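Before any comments, here is the structure.
The values are calculated or read from the model by the stated rules, or taken from the named source; none is laboratory data. The structure presented is a predicted model; accordingly, all values stated were derived computationally and were not measured. Cβ coordinates were reconstructed from backbone atoms using ideal geometry, including for glycine residues, and neighbour counts include every protein chain displayed.
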């Protein structure tokens, strides 16, 4: 079984339906589809939730509701609750990146849960007591509290990246990396371009070329990159030649 299928996101007494909808979208982005809500209030505007879910309506249609957190996580082994506050019983918190392997290890064979508290008050102490682990998401002192859906995204993202069977594959560079001979062709072309365009005098050329080599060595150059840069050098040299022919008069557009 895909361990992501064994991870449940639990929202405790959410105040805004829009946040629920946003959480649905976040969960589907990260391949997690088990959503539970504890004590959903009658004030929630489910039309607003559906609007913010945007193509994640199936999450709203399939969510489970419970009256207590204990009921929502009764079948779960690891129960990790988020808290922005510190203090007694909260100082042993994990970072999202640290908790991800713990959750995935258990989710390989058991139901697990990530629990998120109220937008205004978070999780109460008796709810923290139900959790087996505490998560604290680092944030700036300017504003410590994260939006509910943002907190869910941070935690789910770390788990998604670590999951062995994540379907995500980073894009691959199509063009091969340029070899030494191709880079030397580039440097020769740019050396000629800098002289012919008057960018530098011949006495300073070696110094300028050392700087140019340092710039181009800071990242990988592909064969396509080299071709573009060679084309730029050739075109610049051609324009310089045409200007010289025209007696340094401005060329027509």
Item to complete: Scan 62, 117, 122, 81 and give me the residue that is in contact (Cβ under 8 Å) with a residue 24 or more places away in the chain, surrounded by fewer than 16 Cβ atoms within 10 Å (Cβ to Cβ) and assigned by TED's automatic domain parsing to the domain that holds residue 19.
Response: 62
Item to complete: Return the total of residues in region 159-174 being at pLDDT 90 or above and either more than 28 Å from residue 5 (Cα to Cα) or loosely packed, with under 13 Cβ neighbours inside 10 Å (or both).
Response: 1
Practice prompt. With the checklist (1) over 26 Å from the mean Cα position of the chain (by Cα); (2) modelled with pLDDT under 95 in hand, flag the one item residue 108 doesn't pass.
Written response: (1)
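Output the residues belonging to region 98-118 that are more than 14 Å from residue 81 (Cα to Cα) and in a loop (DSSP other than H, G, I, E, B). Before you say what the answer is, go through the steps one by one.
Of all residues in region 98-118, those more than 14 Å from residue 81 (Cα to Cα) come to 101, 104-111.
Answer for region 98-118, where residues must be more than 14 Å from residue 81 (Cα to Cα) and in a loop (DSSP other than H, G, I, E, B): 108, 109, 110.
Could you say which residue among 150, 207 is under 30 Å from residue 104 (Cα atoms), without any contact (Cβ under 8 Å) to a residue 24 or more places away in the chain and assigned to a helix (DSSP H, G or I)?
Values: 207 fails: under 30 Å from residue 104 (Cα atoms).
Only one candidate passes the filter, namely 150.
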Worksheet item: Given the conditions (1) outside any loop (DSSP other than H, G, I, E, B); (2) within 26 Å of residue 142 (Cα to Cα), which single one is not true for residue 14?
Response: (1)
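On the given criteria, is residue 74 out of contact with any helix residue (DSSP H, G or I) (no Cβ under 8 Å at 6 or more places or on another chain), modelled with pLDDT of 95 or more, assigned by TED's automatic domain parsing to the domain that holds residue 31 and part of a loop (DSSP other than H, G, I, E, B)?
Criteria met by residue 74.
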Practice prompt. Filter region 50-71 for residues that are out of contact with any helix residue (DSSP H, G or I) (no Cβ under 8 Å at 6 or more places or on another chain) and within 20 Å of residue 131 (Cβ to Cβ) and give the result.
Written response: 65, 67, 68, 70, 71
